[in-house]
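Notes follow once the structure below has been shown.
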Amino acid sequence: AQSVTQLDSQVPVFEEAPVELRCNYSSSVSVYLFWYVQYPNQGLQLLLKYLSGSTLVESINGFEAEFNKSQTSFHLRKPSVHISDTAEYFCAVSAEQGAQKLVFGQGTRLTINP
Amino acid sequence: DGGITQSPKYLFRKEGQNVTLSCEQNLNHDAMYWYRQDPGQGLRLIYYSQIVNDFQKGDIAEGYSVSREKKESFPLTVTSAQKNPTAFYLCASSFSGTNPYGYTFGSGTRLTVV
């Protein structure tokens, strides 16, 4: 079975500052990793995912995440945040093989202050 | 365009009433899921279905019921047995089996008991 730990429930940062949202996972098999974003009163949207290959993956709005197998981490980063990045972010993992459900972390609320 | 539709967006229920939340998808996904979201508690799985006419309980199924008579539809009934139904409900869908695509989420239904 897989599990996900998001180490921070809330992260406040100032606009244009860098941010890192931390995600650690546990699994005995190879996994797919995902980051989802949820804006207020909306559903979750896929932000980026790691399947295989390059360990650094990027989204279209400037976020990136790096898969670190030795540290079982998939931290999300952005070098300069904008007010519009205010949202809740969920890390998720699923096993590569078989009909496995996604396992979600508890979420990290990112608040951007002007 | 393909997607997943939840309705209504807002729903008010009186004490002792059953209510049904709708979830429809046209993505040709085999699997569908219902989650409950409360502030600070992440996503909790209520029920899921990987094939028509079959579904399984998630972590918090008590007080809820579902049906899966069509591939496209997975309605959730919140029964009077659910003692604290006020929450944000999210429906999701995915391909079954090995799934590198993650889940697609609806925009949610906010249920309030009045």
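Dividing the alpha-carbon radius of gyration of the protein assembly as shown by 2.2 N^0.38 Å (N being the number of residues), what value is obtained? Please report the intermediate quantities before stating the final value.
On the way: Rg = 17.7 Å, N = 228, 2.2 N^0.38 = 17.3 Å.
Relative to the rule-of-thumb radius for its length, the protein assembly as shown sits at 1.02.
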- Task: Quick one: check the C-alpha center-to-center distance for the range A:5-79 versus the range B:91-107, whole angstrom.
- Result: 18
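For B:Ile51, B:Ile60, A:Ile60, B:Ile4, what's the fewest-to-most ordering of other Cβ within 10 Å of each Cβ? Could the numbers behind the result be given before it?
Numbers: B:Ile51 12, B:Ile60 15, A:Ile60 7, B:Ile4 23.
Ascending number of Cβ neighbours within 10 Å: A:Ile60, B:Ile51, B:Ile60, B:Ile4.
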- Task: Determine, at each q value in 0.14, 0.16 (inverse angstroms), the log₁₀ of I(q)/I(0) that the Debye formula gives when each Cα of chain B is one equal point scatterer.
- Result: -0.51, -0.67
- Query: If you average the sequence gap of Cα pairs under 8 Å that are 6 or more apart and divide by the length of chain A, what percent do you get for the contact order?
  - Reply: 38
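Under a Cβ-Cβ cut-off of 15 Å, what is the net charge of the residues other than B:Leu11 that fall near it, where Lys and Arg count +1 and Asp and Glu count -1?
Neighbourhood net charge equals +4.
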- Query: When the scattering of chain A is computed by the Debye formula from its Cα atoms alone, each counted once and equally, what is log10 I(q)/I(0) at q = 0.12, 0.18, 0.19, 0.24 Å⁻¹?
  - Reply: -0.39, -0.86, -0.95, -1.45
- Query: lysines within cross-link reach of B:Lys57: Cα-Cα under 25 Å, excluding same-chain residues under 8 positions apart?
  - Reply: A:Lys101, B:Lys9, B:Lys70, B:Lys71, B:Lys83
- Task: Please identify, among A:Leu76, A:Leu21, A:Leu102, the residue showing maximal mean-square fluctuation in a Gaussian network model of chain A using a 10 angstrom Cα cutoff.
- Result: A:Leu102
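Since every read-out is calculated from the coordinates, none of them should be taken as a lab result. Given the structure is predicted, the values throughout are model-derived calculations rather than measurements. Don't worry about glycine lacking a Cβ; one is built from the backbone with ideal geometry, like all the others, and counts go over all protein chains shown.
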